[in-house]
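Report on one structure; see the data block that follows.
The numbers here are math on the coordinates, done by the rules we state, and not lab data. Quick caveat, the model's predicted, so the values are computed rather than measured. Backbone-built Cβ (ideal geometry, glycine too); neighbour counts: all protein chains shown.
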Amino acid sequence: MTINWIGLWTMVRRELQRLMRVPIQAVVAPLISALLFIFIFGFVVGGRIRNFGHYSYLEFVLPGVVMMNIVSAAFLQATSQIYFQRFQKSIEEILVAPLSYVEMIAGSISIVVIRSVLTAVGIMLIGWAFGAVHMHSFPEFLFWVTFVSMIFGFLGIIVALWAKTFEQLNILMVFFIQPLSMVGGVFNTIEMLPPWLRWLAYGNPLFYFINGLRHSMIGFTEGPAMFGAAFTVMLAAVLGTIVWRLYAVGWGLRE
Amino acid sequence: MTPALEISHLRKVYRSGTVAVEDVSLTIQEGDFFGFLGPNGAGKSTTIHCITGISNPTSGTIRIFGVDAVANYREARKLVGLSPQEFNVDPFANARNIVDWMGGYFGMHSAERKRRVDMLIERFELVPHANKAFRELSGGLKRRVILARAMVNNPKLLILDEPTAGVDVELRMDLWRYLQELNRDGTTILLTSHYLEEIERLCKTIAIVAKGRIVRNGPKEEFFTEPGGLERAYLAATGKAADHVAVAAK
């Protein structure tokens with residue numbers, strides 16, 4: 001079976017055009033929020049906190065801020081893309097086209113990854129202006145950005161297929177993703193937590209994502225790196241399979 | 001010759017339990033201009049949704065030029081163009097993009113797509129409106145965009161679900177001429193409409209659906225040899241004849 005590359009590219013092209021209609025929401029807002037995080041937590045507060053090995057607090061915090069924004073950009077992109085298409089019924093344009101379910105999903109996930117990469121690059125530029133950007137391993141960095149975007153893209157698609165109202169789109173973000181990001185080691189090491197709370201960090205998937213990205217940028221790690229990477233690939237594969245199955249049965253897509 | 005469309009014992013039950021299509025079987029030969037008539041809620045649009053992949057059939061088979069529309073959906077969809085009853089588009093996108101994107105989804109190369117989009121934009125007199133957002137267009141112009149989008153991939157089977165609902169006489173006449181032209185050139189057309197005049201004028205074969213079942217199906221001539229023509233046949237087939245006579249008597 002040949003791949004419908006033109007169809008895939010059209011999905012990406014179309015969504016990019018949609019994003020260009022909302023540049024403040026899609027591009028400017030995450031950058032401003034990242035700038036504030038970097039300034040307050042990294043620069044103002046960080047000035048009073050001791051260094052982590054060879055790195056300043058700002059350099060320690062930056063990968064966490066990048067990861068928080070990747071997670072948020074990926075999830076919001078996937079939910080808004082699919083939910084709005086369902087809401088407007090323009091998803092039917094995709095359903096009647098000769099695109100396989102894998103192609104439909106790949107088209108949606110590609111734009112999720114593109115938006116996440118653009119967000120990461122934007123925040124890195126801000127970090128660079130503060131002299132806080134390091135790159136320990138670029139392939140590793142790409143791995144984390146891509147796989148974490150895919151994971152939250154898949155989660156976003158599942159939520160968008162399930163949601164019946166705009167309100168429901170935010171439930172996972174507000175009650176799970178944001179709190180888990182905050183306690184996943186963005187601003188602190190696991191060592192800083194009381195011993196009885198450390199198990200919570202190791203049980204938090206966001207910890208592995210933040211820790212992995214931090215290692216790719218400054219070479220600092222607090223967890224088993226290979227386990228984190230294997231867990232991430234497995235989670236992406238499981239969620240991808242679930243989304244493929246939902247597309248195949250038409251859950252939330254077809255009447 | 002392989003039929004353009006072959007539906008066998010199609011049944012569609014929605015999750016709510018509503019039976020939208022009870023048992024529909026029909027065959028449309030290649031080159032036919034097929035009229036699909038029925039009252040609101042009879043199952044016309046649901047049947048079309050099952051053919052095109054918008055709905056999952058509960059049971060039964062659908063073959064498009066011999067290709068199974070469920071098992072081999074990707075190949076089947078290459079052969080079909082759909083103009084749905086509802087405007088299922090991004091209202092903020094412009095007319096040209098809406099048509100162009102659909103060509104892209106069908107895998108048309110850029111140059112071929114541009115030629116085709118330009119031709120359709122011109123054919124449907126959309127040139128002055130091509131760069132306007134869909135939501136800014138009038139109802140008739142919106143319908144033209146939807147029709148152009150349905151034809152961008154030059155489908156072998158064109159499905160039009162009430163394409164002239166709410167459009168002015170000029171567009172209706174122009175569309176009729178264009179559809180006849182396409183049909184003469186070999187495109188098979190499935191048309192649903194509430195305008196009996198439209199069906200009479202365009203179609204070669206007519207099927208009437210009521211309560212999710214085909215209640216009449218045959219060549220157009222069959223309907224006209226009966227007293228009262230298509231209108232009476234339609235009312236009789238859909239069980240409305242008695243009501244109609246009663247209202248007329250009052």
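Look at the dipole of the range A:23-249 built from charges on Cβ: of A:P179, A:F147, A:Y208, the Cα furthest out on the positive end belongs to A:P179.
Using a Gaussian network model of chain A in which every pair of alpha carbons under 10 angstrom is joined by a spring, one finds that among A:M150, A:M67, A:M234 the greatest mean-square fluctuation is at A:M234.
Separation of the range B:5-33 from the range A:85-149 is 40 Å, based on Cα centroids. With the alpha-carbon atoms of the protein assembly as shown aligned to their principal axes, the span from lowest to highest coordinate is 97, 49, 47 Å, starting with the largest. Between amide H atoms placed 1.01 Å from N, distances below 5 Å from B:V209 occur with B:L37, B:G38, B:V215, all of them 5 or more places distant or on a separate chain.
When peptides B:142-153, A:240-251 are ranked by their average number of other Cβ atoms within 10 Å per residue, the highest-first order is B:142-153, A:240-251. Per residue, the convex hull spanned by the Cα atoms of chain B amounts to 143 cubic angstrom. Summarising the amide proton neighbourhood of B:N154: residues at separation of 5 or more, or on other chains, whose placed amide H is nearer than 5 Å comprise an empty set.
Charges were assigned to the Cβ only: +1 to each Lys and Arg, -1 to each Asp and Glu. The resulting dipole of chain A about its Cα centre is roughly 300 debye. Pairs of Lys residues in chain B, spaced 8 or more positions apart or belonging to different chains, with C-alpha separations under 16 angstrom: 8 in total.
Which value results for Rg/Rh of the range A:77-221 when Rg is the Cα radius of gyration and Rh the Kirkwood radius based on the inverse mean 1/r? Kindly include the intermediate steps, with their values, before the conclusion.
Numbers: Rg = 17.7 Å, Rh = 17.1 Å.
Here the Rg-to-Rh quotient is 1.03.
Can you find, among B:G107, A:N51, A:G127, the residue farthest towards the positive end of the dipole of the protein assembly as shown? Put +1 on the C-beta of Lys and Arg, -1 on that of Asp and Glu. Farthest along the dipole direction, towards plus: A:N51. With contacts taken as Cα pairs under 8 Å at a separation of at least 6 residues, chain A carries a relative contact order of 25 percent.
Counting charges near B:S193 (Lys, Arg +1; Asp, Glu -1) among other residues having Cβ under 14 Å from its Cβ returns a value of -1.
Using a 10 Å cut-off around each Cβ of peptide B:81-93, what is the average number of partner chain Cβ atoms that fall inside?
Numbers: counts 1, 4, 0, 4, 0, 2, 3, 9, 5, 10, 2, 6, 6.
The shielding value for this peptide is 4.
Where Lys and Arg each count +1 and Asp and Glu each count -1, what net charge lies around B:L137 among other residues with Cβ under 10 Å from its Cβ? Within the 10 Å Cβ shell, the charges total +4. Computed as a quarter of the hull surface, the mean projected area of the alpha carbon convex hull for the range A:24-63 stands at 2.8 nm².
Taking 8 Å as the Cα distance limit and 6 or more residues as the minimum spacing, I'd like the relative contact order of chain B as a percentage. Don't skip to the answer; put the middle values down first.
Numbers: 457 pairs, mean separation 64.0, N = 250.
Normalised by residue count, the contact order of chain B is 26 percent.
Taking every DSSP helix (H) stretch of at least 4 residues in chain A, weighting each as -39,500 (n - 2.57) and dividing the sum by the residue count yields a mean residue ellipticity at 222 nm of -22500 deg cm²/dmol.
Structure remark: mean-square fluctuation, Gaussian network model of chain A, C-alpha springs under 10 Å; the largest value among A:L62, A:L239, A:L99 belongs to A:L99.
Please go through the range B:1-98 and write out the GluC sites (Glu not before Pro) that DSSP classes as loop and that have at most 15 other C-beta atoms within 10 Å.
Numbers: sites: B:E6, B:E22, B:E30, B:E75, B:E86; in loops: B:E30, B:E86.
In loop regions of the range B:1-98 (DSSP not H, G, I, E or B), the sparsely surrounded GluC sites (Glu not before Pro) are B:E30, B:E86.
Is it possible to state the helix-based mean residue ellipticity at 222 nm for chain B, with each DSSP H run of 4+ residues giving -39500 (n - 2.57), the sum divided by total residues, to the nearest 500 deg cm²/dmol? What is it? Don't skip to the answer; put the middle values down first.
Details: 10 runs with 99 residues, N = 250.
Mean residue ellipticity, 222 nm, calculated: -11500 deg cm²/dmol.
Taking chain B as a Gaussian network of alpha-carbon nodes connected by springs under 10 Å, the highest mean-square fluctuation of the residues B:E122, B:E112, B:E222 belongs to B:E112.
Based on a Kirkwood Rh over C-alpha pairs, give the Stokes-Einstein translational diffusion coefficient of the range B:151-250 at 4 °C and viscosity 1.567 mPa s in µm²/s.
86 µm²/s
Within 10 Å of the Cβ of each residue in B:53-61, the mean number of Cβ atoms contributed by other protein chains is 3.
Grouping the Cα pair distances of the range B:87-154 into 10 Å bins from zero gives a pair-distance distribution of 24, 59, 17, 0 percent in increasing distance order.
Rg of the Cα atoms in the range A:1-117, relative to 2.2 N^0.38 Å, amounts to 1.40.
Karplus-derived 3J(HN,Hα) values for the range B:215-225, using 6.51 cos²θ - 1.76 cosθ + 1.60 with θ = phi - 60°, are 9, 8, 7, x, x, 3, 4, 4, 6, 8, 7 Hz; glycine and proline are entered as x.
Taking the alpha carbon gyration tensor of chain A, multiplying each eigenvalue by 5 and rooting it gives semi-axes of 33, 19, 17 Å, largest first. With a cut-off of 13 Å between beta carbons, the residues surrounding B:Y14 carry a summed charge of +2, where Lys and Arg count +1 and Asp and Glu -1.
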